[in-house]
Amino acid sequence: MNELSLFTGAGGGVYGSKLLNHRIIGYVEFNEHCQKIIRQRVEDGIFDEAPIFTDVRAFADIAEQYRGFTDVVTAGFPCQPFSVAGQRAAEDDERNMWPATLDIIKKIQPKVCLLENVPGLLSAGDGGVEDGTGRPICGYFGNILRDISENGYDAQWTVLGADDVGFGGKHRRKRLWVKCTRRDAANTDNT
C-alpha cells in the first residue's frame, strides 16, 4: 500500500503505517523541527525515502502528481480550530486545514483516507447533518462528512484513546478517527 502522509508531525503515525507494511511515498509537514526528525528517520532507514513537502496548501497545487498510485492518504489536520481548549472557531480559524486536505483528496482520489483529530471536531462550528440513522451531527464535522460523501467516499468514525486499546495506556487522550473509503474501491481489496 502506497501512503501519502499529510501533517506528518514527527512521524508517530508513520510508525503505525510501517507496522501495516505501508510504503510512504510522501510526507507533508510544516514544522521545521519535525521535518528534521523525519529526515533523520529516513537516514536511519526507519522511514521510507520520499519527498518532504513543507506546506499542505502549496502541496495541493501539485498533488495531482500522486494520483493513480496513492492507495492511502493519512491526515491529522490541525486540531486547534476544533479543540475544547481553544476558541473552537472551526471554519473561521485561519489554521483550519480541512479545505486544503479535501483539495488534495479530490485531486489524488486514494482508495482510503484515514483522518485524525480531536473529539471536539464533532461539535465545533456551524453545519449539521444527520448520520443516516436520524441522529444529528452538529458542527463542522457535518460539513466534512458532506464533503467526503460528495466526493465519492463513505465514512466510518469512532473516538478512541490510549486507554481504549489495551496496551496499558494510563492516559485518555481521546482522538476522533475517520476512515473514508472510496465507493468504487470499497470491494476491490481489504484496505
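The values are calculated or read from the model by the stated rules, or taken from the named source; none is laboratory data. Values in this document were obtained by computation on a predicted structure and should not be read as measured data. Using ideal geometry, Cβ is built from the backbone for each residue, glycine included, and neighbour counts are taken over all protein chains shown. Remember, those area values only see protein heavy atoms, side chains included, never the ligands or the DNA or RNA. Shrake-Rupley method; radii C 1.70, N 1.55, O 1.52, S 1.80 Å.
Could you grab me the full set of residues in the range 103-116 that are open to solvent by less than 20 Å² (accessible area, probe 1.4 Å), closer than 16 Å to Arg67 by Cα and within 13 Å of the chain's Cα centre (by Cα)?
Matches in the range 103-116: Ile104, Ile105, Pro110, Val112, Cys113.
For a quick check of your reading of the model, give me the residue pairs whose first member lies in the range 4-19 and is among the aliphatic types (A, V, I, L, M), whose second is assigned to a loop (DSSP other than H, G, I, E, B) and surrounded by 20 or more Cβ atoms within 10 Å (Cβ to Cβ), with beta-carbon atoms closer than 6 Å and at least 6 apart or on different chains.
Matching pairs, first to second residue: Leu4/Thr70; Val14/Phe47.
Which pairs have Cβ atoms under 8 Å, sit 6 or more apart or on different chains, and link a residue in the range 46-61 that is over 12 Å from Glu3 (Cα atoms) to one that is part of a loop (DSSP other than H, G, I, E, B) and open to solvent by 60 Å² or more (accessible area, probe 1.4 Å)?
Thr54/Phe30; Asp55/Phe30; Val56/Phe30
Quick test for you: out of Arg95, Arg88, pick the one residue that is within 17 Å of Phe30 (Cβ to Cβ) and at pLDDT below 85.
From the options Arg95, Arg88, the qualifying one is Arg95.
Any idea which of Val159, Val165, Val178 is aliphatic (A, V, I, L, M) and at pLDDT below 85?
Among Val159, Val165, Val178, only Val165 is aliphatic (A, V, I, L, M) and at pLDDT below 85.
If a residue has to be surrounded by fewer than 21 Cβ atoms within 10 Å (Cβ to Cβ) and modelled with pLDDT of 80 or more to count, how many in the range 117-139 make the cut?
Total meeting the criteria: 1.
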